[in-house]
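The values are calculated or read from the model by the stated rules, or taken from the named source; none is laboratory data. Computed from a predicted model, the values in this text were never measured in an experiment. Neighbour counts run over all protein chains shown; Cβ positions are idealised from the backbone, glycine included.
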Amino acid sequence: MIPGLGGKRLDRLQVRDVQTWINEVARACQCCAQGKDTRRPELRRRCCALGRCCGDVPSARTVKDVRGVLRSALNHAATEELVTRNAAALVKLPPVRRRKGRAWTSDEARRFLESARADRDPLYAAYVLILVLGLRKGEVLGLTGDAVDLAAGELSIGWQLQRVGGQLLHRETKTQTSDATLPLPDICAAALDLRQQARKADRDEAGIAWQGSPLLFTTRYGTPIEPRNFNRSWDSRCVRAGVRKITVHDARRTCATLLVDLDVHPRVIMQVLRHAEVSVTMEIYSQASSDATRDALKRLGESLR
């Protein structure tokens, strides 16, 4: 923002100024503009610093986020009566095309979990919680031991583990809607029981090297699990199970898709996944699995034959 708008007076900022600037941002190679390749060691320079532009233009989503930051700042300026209107609010942006998420079938999800359990994968219980309860990666890694009540058959969600600014932070979930106490199906309760036993065995084996973390999912020495390492373990398990490789977030989508196939009402799915808006749930609900779509079209064709 500073190179493009830093020289403009705040009270004289016009919509055309912001529109011109945002158009330039959308067309500019950010590797060139920010000197990314120039900051690399000389032997590792491969594009812009050598006169070969890599064309690293921002995506439509990134452009929207950039405009969002400016819009938020100008909202504060308007609240403090520094400007009379928000010039960023009227700027036109290219449409953002959402990435179509993928989801497993129930058979693929079952094979994935069976593979993890057969190999005594220490993250087996985490995989179960993601696929059955639709937990986010940060929420799983941020679970503490006292969040699990096997006697009552409940799991309390209120914390997450995230890497922010180079630091691994254990903090509250992003929104109040994300906090919930969910009932534990038998498969989840059994998996969590196994995890608690494994955690106790790790603590006994580590001895004085144990770090004493309250987290439920840790390394063998009781330290938090790095989110990127969790991704690597997930990808490795996909290969070992012989199933399609999907992301951890797509596994959360798998939970929603399987609930759709079971004809669960959207409001119930919204409560399970803890979405803030039902529109998000409906977007998933409208994307039924290929098997469900095939069956629906088959029944429609038979009714019209």
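Need the failing condition index for Ala201 against (1) modelled with pLDDT of 75 or more; (2) within 24 Å of Leu184 (Cβ to Cβ); (3) surrounded by 13 or more Cβ atoms within 10 Å (Cβ to Cβ), just the number. Failed condition: (3). From the list Ala251, Ala256, Ala241, Ala276, the lone residue that is of a type in the set (A, V, I, L, M) and either exposed (fewer than 13 other Cβ atoms within 10 Å of the Cβ) or at pLDDT below 75 (or both) is Ala276. Just one of the listed residues (Asp37, Asp17) is among the acidic types (Asp, Glu) and under 31 Å from the mean Cα position of the chain (by Cα), namely Asp37. Condition check: more than 20 Å from Glu114 (Cβ to Cβ) and assigned to a helix (DSSP H, G or I). Does Arg163 satisfy that? So Arg163 does not fit the description; no. In the set Leu150, Leu215, only one residue is within 23 Å of Arg120 (Cβ to Cβ) and either among the small types (Gly, Ala, Ser) or surrounded by fewer than 19 Cβ atoms within 10 Å (Cβ to Cβ) (or both); that residue is Leu150. Residues that are part of a helix (DSSP H, G or I) and within 25 Å of Pro95 (Cβ to Cβ) within region 36-67 comprise Ala60, Arg61, Thr62, Val63, Lys64, Asp65, Val66, Arg67, listed in sequence order.
State whether one or more residues within region 151-158 are touching a residue at least 60 places away in the same chain (Cβ under 8 Å), in a strand (DSSP E or B) and closer than 17 Å to Arg274 by Cβ. Let's see the steps before the verdict.
Here is the first cut: in region 151-158, the residues touching a residue at least 60 places away in the same chain (Cβ under 8 Å) are 157.
With in a strand (DSSP E or B) added as a condition, the list becomes 157.
Filter once more, so that each one left must be closer than 17 Å to Arg274 by Cβ: 157.
Scanning region 151-158, I find at least one residue that is touching a residue at least 60 places away in the same chain (Cβ under 8 Å), in a strand (DSSP E or B) and closer than 17 Å to Arg274 by Cβ, so the answer is yes.
Note on region 159-183: residues that are free of Cβ contacts under 8 Å to residues at least 40 places away in the same chain and among the hydrophobic types (A, V, I, L, M, F, W, C) total 3. Can Thr62 be described as polar (S, T, N, Q) and exposed (fewer than 14 other Cβ atoms within 10 Å of the Cβ)? In short, no. The residue list Ala73, Ala60, Ala118 contains one member that is assigned by TED's automatic domain parsing to the domain that holds Gly222 and either under 31 Å from the mean Cα position of the chain (by Cα) or in contact (Cβ under 8 Å) with a residue 40 or more places away in the chain (or both), which is Ala118.
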